[in-house]
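Before any comments, here is the structure.
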Amino acid sequence: GGWTNANGNSYVSWNWKAGDTPSINTDGTITSVVSANQAAGFSVISWTGNSTTGATLGHGLNSAPELFITKNLGTTNLQWATYNVTTGNGARLTLNENAAVNNGRVEWNNTTPTASVVTFSDHPCVNSSSNNYIGYAFTSISGYSKVGTYTGLGSGGPLTVNMGFAPTLAIIKRTDSTGGWRMFDTVRGTDKSLRANSADAEYDDTSNYVDFTSTGFYFSTSQANADINAAGGTYIYLAIKEN
């Protein structure tokens, strides 16, 4: 089919190795099924909601998730509710939308994740009774991955974002205003981007790319697109080094 294997079309995929055999996790009040790779700071979690405010869910990592992406599997018109350590436990980002951060949210029950659990309200995006969910948790690993933030400089740059390693993939989202979830990687070339929130084809022009360096990424004064580097704009990112 056209989404994965149409004749002559070009595709890209990004893949993370979690644990080997998923295991039952009872660290939280909701029993979860977890495949975790603690060394890589990544886990996949599935659970069934219970509509209980203050419910907790074991995530299988040995440190608090800094980025946690969730999806209700059985209900339509519910967003990919996303937690980020920078925007905090009273806010929500939405992976399938270009919206700015939505403050005053209750999904995380105004509780910061711990090294063992995340906390939910009874919001249907994360914890509705008898609904099934999937979650993807990331935490920074020195020299390999970084969940971080920066402030854009626009044409007043250049701007360098250091994380101590050469990334292979970077996902960037503006939080103080609308902006696509821009995805850059070294396989396609970092002069090209896709948007996780959009079905649009690959995007490429002189203001819509980022330069990867040996220690992070870099924006020249011409790389001033509002999605990635508006003057004064606030951004979060996930950067990962292959292997």
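Couple of notes before you dig in:
- Based on every Cα atom in the stretch 125-176, Rg and the maximum pairwise Cα distance Dmax equal 16.3, 51 Å.
- Calculated log₁₀ intensity ratio I(q)/I(0) where the Debye formula runs over C-alpha points of the stretch 1-52, q = 0.20, 0.24, 0.29 Å⁻¹: -0.76, -0.88, -1.08
- Coarse-grained scattering of the stretch 1-121 at q = 0.11, 0.12 Å⁻¹, given as base-10 log I(q)/I(0) from a Debye sum over alpha-carbon atoms: -0.43, -0.50
- Where only alpha carbons of the stretch 172-229 are counted, the Rg and the Dmax (Å): 10.9, 31
- Relative to the Cα centre, the charge distribution of the chain, modelled as +1 at Lys and Arg Cβ and -1 at Asp and Glu Cβ, gives a dipole magnitude of about 180 debye.
- In whole angstrom, the stretch 112-154 maps to an equivalent ellipsoid with semi-axes of 29, 15, 10, each derived as √(5λ) from the alpha carbon gyration tensor and ordered largest first.
- Counting Cα-Cα pairs of the stretch 14-80 in 5 Å increments starting at 0 gives whole-percent bin shares of 4, 16, 23, 27, 18, 9, 2.
- For the stretch 100-123 versus the stretch 1-32, the inter-centroid distance based on Cα atoms is 23 Å.
- Computed log₁₀ I(q)/I(0) - Debye formula, equal Cα scatterers, no solvent, the stretch 196-243, q 0.18, 0.22, 0.29, 0.32 Å⁻¹: -0.71, -1.01, -1.26, -1.27
- Kirkwood radius, the stretch 78-234, all distinct C-alpha pairs, inverse of mean reciprocal distance: 16.7 Å.
Only the coordinates and a few stated rules stand behind these numbers; no lab work does. No experiment lies behind these values; they were computed from the predicted model shown. Here the Cβ is made from the backbone with ideal geometry for all residues, glycine too, and neighbour counts use every protein chain on show.
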